[in-house]
1. Being hydroxyl-bearing (Ser, Thr, Tyr), farther than 17 Å from Trp91 by Cβ and surrounded by 11 or more Cβ atoms within 10 Å (Cβ to Cβ) is the filter here, so list the residues in the stretch 19-51 that pass it.
2. Failed condition for Glu50, given (1) under 19 Å from Asp13 (Cβ atoms); (2) touching a helix residue (DSSP H, G or I) at 6+ places or on another chain (Cβ under 8 Å); (3) charged (D, E, K, R), with all others met?
3. Quick check on this structure: which one of Val105, Val118, Val62 is under 24 Å from Ser18 (Cα atoms), modelled with pLDDT under 90 and not acidic (Asp, Glu)?
4. Could you check the stretch 41-67 and list, in sequence order, the residues that are in contact (Cβ under 8 Å) with a residue 40 or more places away in the chain and within 19 Å of the chain's Cα centre (by Cα)?
5. Taking into account only those residues within the stretch 138-162 that are crowded, with 16+ Cβ neighbours inside 10 Å and more than 19 Å from the chain's Cα centre (by Cα), which is nearest to Asn102 (Cα to Cα)?
6. Of the residues Leu93, Leu66, only one is surrounded by 14 or more Cβ atoms within 10 Å (Cβ to Cβ), touching a Gly at 6+ places or on another chain (Cβ under 8 Å) and over 26 Å from Ser189 (Cα atoms); which?
7. Show the residue pairs that are 6+ apart or on different chains and have beta-carbon atoms under 7 Å apart, the first residue being within the stretch 111-139 and more than 19 Å from Ser152 (Cα to Cα), the second being of a type in the set (Val, Ile, Thr).
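The values are calculated or read from the model by the stated rules, or taken from the named source; none is laboratory data. This structure is a prediction, so every number in the text was calculated from the model and none was measured. Don't worry about glycine lacking a Cβ; one is built from the backbone with ideal geometry, like all the others, and counts go over all protein chains shown.
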Amino acid sequence: MNERASVTLKHLDPSTASRLWLAGQQSTDWPFGQSEALWQTRLSELAAAEVFGWGCARAVEVNGELVGLCTLQAVDPAVQPAPPAIECGTWLLTAARGRGLNKDVKVALLDFAFSGHVIPIPEWCLFLLHPDNARARASLLRMALPWVVEDSRDELTTKYFRAILRRRAWETGQPAIAMAIERAAYFRSELHLPLTDQCP
């Protein structure tokens with residue numbers, strides 16, 4: 001079995017945020033556009049979200065190398081009061097892709113999300129994907145976890161996340177898929193390892 005990479009989730013302090021911005025400009029799909037002012041605005045929004053316990057962002061380092069960004073956002077209870085859930089997201093620099101890092105990064109993110117360090121401990125973590133994003137879906141399914149998959153196009157079979165899927169489809173004008181893992185099921189899995197000492 002391959003040894004797990006050493007993944008660290010770091011606060012976006014000014015130096016780390018600047019390094020991430022510069023590296024993102026060399027990537028083809030940097031999610032914050034070409035305006036550094038927009039990036040600074042987003043950083044302020046993320047800092048406020050963390051203060052109020054709505055969400056947070058962390059830079060991702062693997063074996064000391066900056067490789068990307070991860071985000072956590074509590075699902076608004078006004079949209080979906082139960083079950084308590086967090087939407088997770090990861091983004092890797094172009095240079096970090098194709099190196100088999102995805103699983104270790106997502107495991108570190110799930111460990112962090114379920115630890116309650118920043119946001120109240122959720123019952124579920126979920127990734128919201130466009131149905132055509134086969135690559136992202138396959139990367140999650142390769143992880144040995146009992147995923148629950150729900151599709152906004154098939155409301156009759158949605159059990160947990162109908163409201164958040166309907167909201168996402170309305171916001172984007174596109175269908176969405178939720179790939180979710182329950183906290184108890186995650187902690188029973190072989191992937192869970194306590195990485196919280198590396199996730200300040």
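1. Initially, the stretch 19-51 is screened for residues hydroxyl-bearing (Ser, Thr, Tyr), giving 27-28, 35, 41, 44.
Filter once more, so that each one left must be farther than 17 Å from Trp91 by Cβ: 35, 41, 44.
Scanning the stretch 19-51 gives a single hit, Thr41.
2. Failing condition for Glu50: (2).
3. On the way: Val105 fails: modelled with pLDDT under 90; Val62 fails: modelled with pLDDT under 90.
None of the other options fit; the residue is Val118.
4. Glu50, Gly53, Trp54, Gly55, Cys56, Ala57, Arg58, Ala59, Val60, Glu61, Val62, Leu66
5. Ser152
6. On the way: Leu66 fails: touching a Gly at 6+ places or on another chain (Cβ under 8 Å).
One residue alone meets the criteria, Leu93.
7. Listed by first residue and then by second, the contacts come to Asp111/Thr196; Phe112/Thr196; Ala113/Ile86; Phe114/Ile121; Ser115/Thr196; His117/Thr196; Ile119/Ile86; Pro122/Ile86.
One line per residue, one yes/no per condition, for (1) hydroxyl-bearing (Ser, Thr, Tyr); (2) touching a Phe, Trp or Tyr at 6+ places or on another chain (Cβ under 8 Å); (3) modelled with pLDDT under 90:
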site: Asp111; (1), (2), (3): no, no, no
site: Glu123; (1), (2), (3): no, no, no
site: Leu140; (1), (2), (3): no, yes, no
site: Glu155; (1), (2), (3): no, no, yes
